[in-house]
1. Taking region 441-460, which residues are over 16 Å from G431 (Cα atoms) and in contact with a Phe, Trp or Tyr (Cβ under 9 Å, 6 or more places away or on another chain)?
2. Give the residues of region 440-471 that are surrounded by fewer than 19 Cβ atoms within 10 Å (Cβ to Cβ) and either among the small types (G, A, S) or at positive phi (or both), sorted by residue number.
3. Could you count how many residues in region 167-210 are in contact (Cβ under 8 Å) with a residue 24 or more places away in the chain, assigned to a loop (DSSP other than H, G, I, E, B) and more than 29 Å from the chain's Cα centre (by Cα)?
4. Would you point out the residue of region 255-274, among those that are assigned to a loop (DSSP other than H, G, I, E, B) and closer than 22 Å to S211 by Cα, that is nearest to the chain's Cα centre (by Cα)?
5. Does R189 fit the bill of being among the basic types (K, R) and at pLDDT 95 or above?
6. Test Q292 against the stated conditions and say whether it is over 30 Å from the mean Cα position of the chain (by Cα) and surrounded by fewer than 18 Cβ atoms within 10 Å (Cβ to Cβ).
7. Tally up the residues in region 622-663 that are loosely packed, with under 12 Cβ neighbours inside 10 Å, in contact (Cβ under 8 Å) with a residue 40 or more places away in the chain and assigned to a loop (DSSP other than H, G, I, E, B), please.
8. Which of the numbered conditions does T355 fail, given that it passes all the others? Conditions: (1) free of Cβ contacts under 8 Å to residues at least 12 places away in the same chain; (2) under 30 Å from S489 (Cβ atoms); (3) within 31 Å of the chain's Cα centre (by Cα); (4) in a helix (DSSP H, G or I).
Amino acid sequence: MKTRDFTSFKVRSIVSSCPGLRELAESMGVECEYEDGRGHSHQATDETLRLILGALGIAIQSESDIQQEWKRIQEERWTNVIEPVLVYYPETRTPLSFSMALPLGDFSLASVLLECRLKDEQGKIRASTIKGSVCTCLEETVLRGARYVRIQVSLPGRLRLGYYDVMLTIKIGACVLEAKSLVIAAPQRCYLPSGSKREWGIGVQLYGIRSRENWGIGDFRDLERIMKTAGKTWNASTIGLQPLHSLTPGLRSPYSPSSRLCWSPLYLNLEQVAEFRVSPTVQQRFRTKKFQSTLEALRSSQLVEYESVNQLKMGVLEDLFRVFKRRHLQPRTTRGRAFLRFVQQSPDFLTRFCTFQVLSEYFPGMVWRQWPVDFQDPASPAVEQFQKEHASRIHYFYYVQWLCELQLTRLDQVAQKASLDLGLYHDLPVGIHPDGADAWGFQDQLAKDATSGAPPDSFNLHGQNWGLLAPNPRALRQHGYQFFRQTVSQNMKHGGVLRIDHALGLFRMFWVPFGHTGQDGLYVKTYVDEMLAVLALESVRHRVMVVGEDLGTVTPAIQRKLEGAGLLSYRLLFFERERGGAFHLPQQFPRQALVSATTHDLPTLKGYWAEQDIAIKEQASLYPYSEDRDRDTHARVEDRRQLWNAVGRAGFALPETMPVMLTADMVTKIYQFLAKTPSRLLMVQLEDLLGEIDTPNLPGAPDSAYPSWRVRLSRELTSWLKDPVNRRFAQVISRERRSRCVPA
C-alpha cells in the first residue's frame, strides 16, 4: 500500500527552529522554483507565495502567522490519528496496512484496543478487533508534554476493488478515540482492452457540423449519422468529441464549462423527444414560417450563433416540459414515473446544478458571488427553502438533463450496433469556470482566489491564465475526493475513451492569483497516487480507456508514471521531433499512445502548411516582437521540408517538388504515415479529412481576431458522409491499421 510518491506533499518531522515562508509553502506542496517551457528558471516572490497559500486556505500576513501555521502542521502530524485517504492495491495480495498516531501517554501498546469497521459502497460492514500488542511501533515524540507514538496496523483479509469507509474506535485505558478514513482499493493500471489491436477514429467538433436537419449547431442526430457511417462503412472504432458539458453563460469555449458533471442541452435532438412528436401545439409552432425562417438563418450562418441557438432550443424545451407535465408527470404514466425515478436517484451534484440554474434566473445578471450571502452557500437553510419554493422550476432543469442522458444512452446503443468498438471518445476539461455551477456547488473543494494556467513557453511568452478553477489538493483529500470521483465517473458513463486534458494536473497545477498573469504563477502539487487510484478504479469499472494529454512541460518521470498507471500518452505529429528538427518515423512512436497530426488548439494540416496560424497571430498582435513572427515563419519553412522528408523516408512516393499548397493526397499520406505507428489509437481530425484550413481554436486570440469555437465546416453533412473520396481515405487507414505492426 502506498499513499505518497515524489510528487506528493512532504510533511516535516518536528524541528527545533521555525522555518520561513518559503519552507512553509514547500510543505504545503507549493513549488517555489520552476523551469518554464523555454528552459528559464523562475523564483517565487514572497508576495506570490502569500497569495498562493491564501488560495490554499492559509492566510499569512506576518512572521507570527508563519510560526503558528508551522506549529499547526507539526501538531497535526501527531494529533490526526489516521490519514484521511489510503490507497490499497488488491492485486498485491497483501493485507490493508496503514499507520496511526496515538496519544499513548504513560500507557503501553498492550493497553491499546483497536476496533475497526470497514464499510463498502453497498453499506456492508466488516468488523475486526486488533490488540495494540501485535502492532509495530514506528516512531514516537513528545507533544505538549504528552507522549505520542506512531504504529503500523494490518487488517485481516483482503478487499475487492471499490471505496471503503474505515471507522476506527481506539481504546487507550479509559480514553476512547474515534477516527475515520477513506480507502481507495484500486487497480494499479487503468483499463486497456486486451490484445494489441491498433484502432482509429474520427475527431469531431460537434458544434461545427453543418446539416439540413440541425438547428444551427451540430446535434446528437448528426452525431448518430456520423457514428453509423464511421462504424459500418469506414471501419473506424470511435468518434472523438469536444467536451459536451454545460457552457458558462456568455462563453463559447467547451473548455471553460459551468459544470463538468452536467450536459449542454444545445446538442439535444429536440425532434426526437417524445413530447415534440405528440404535441400538436409544438408541431404547429415548429411549422410556422417564422420558426422555419429562423432555422434556415441559423443553418446557413457562417459561424455558430450560440446565443440564438440557445434561445430557440430553450424556448422549445419549455414547451416540451409543459406537455410532459400535463401528459406524463401529473397522471404518473410510465414515462412520468421513469422521470421521477431519475430525480429520486440523482446524485447531489445534479440537484445542486438544477438549483444553481434556477437561482441564476432568480438573480439575473449577477454571478453567484454577487448573490445575497445566504444563497452563496449551497448547503444553507436559505437555499434549502428556495428549493422547496421553486421545486417545479428545478424539475424543469432535471427534465433537460434527463433528456440528455436518454439521448446519450441511445448513442451508446448506436455505437454498439455500428460496430464502433470503443464507442464515443469524450474529453474532460482541466477545470471549471469561476462563475459556473460547479464553482458554486463545490467551492469548499476548490482553490480560492486563484485560477489555473501555464508558465511561459515559446508559444505564449507571457504565460497563460486559463481563468479556470483548480481543485484544492488538501480540501479535495479531506472530502474523500468526492468532486473528482463524481466527475470522472460521470464522464465515463457514455463511451469507451476519456481524454484527460492537461494530464499534468494529476501531478501539479500551475496556479495564477486572481488579477495576475501566467508570469506570476506557481505550481501546486497534488497527492498524485490518490488521484491516479481514483482514475484507475473508475476506468476499470466503466471499461473506459484513458488518454493523458501530456504535452508541454511534462517531465520524463511524469510520463513514466502515467505509462505505469495505464494511460495512453498523447502524441501529436507536430511535436514528435528529433533534436535537429527531423520528425520521428512511425516505428519511433510508443505503443501505449494515441497519435494524431494535430488537435483543436493547433492549426489544421492545410492551415499549418499555409501558415494560416502565423498570419492570424500577427493580425491579432500576439507577437510581442516582429522577430518572434519572423522566427516562426522561418521555422515553418523548415518544418514543411522536414515533414516532407519524413513521409518520403517512411516509404511513401512523393512528387519531385514539394507543393505550395497541401494536397488531399498528401493529407492522406501523412495520416497513413501515422497509421503505420505501433500506437494503440490513431485519431483523424475531421477538419483534415475535409481539407479545412481554419482551426477550431486559436489560443490567446481575442474574438475580434478569430472566432474560436464558432467555426463551422464548409461542407454539409450528407455530402461528405457519402463522398467516395472519404470512403477511400478510410479504407486506406483501416487497411494500414489492420496490417502487421511496424517494429517498435
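1. P455, the sole residue that qualifies.
2. D449, S458, G467
3. Final tally of qualifying residues: 1.
4. S264
5. yes
6. Spelling it out, Q292 is indeed over 30 Å from the mean Cα position of the chain (by Cα) and surrounded by fewer than 18 Cβ atoms within 10 Å (Cβ to Cβ).
7. Final tally of qualifying residues: 2.
8. For T355, the failing item is (1).
The values are calculated or read from the model by the stated rules, or taken from the named source; none is laboratory data. Just so it is clear, the model here is predicted, and its values are computed rather than measured. So basically every Cβ, Gly included, is an ideal-geometry build from the backbone, and we count neighbours across all protein chains shown.
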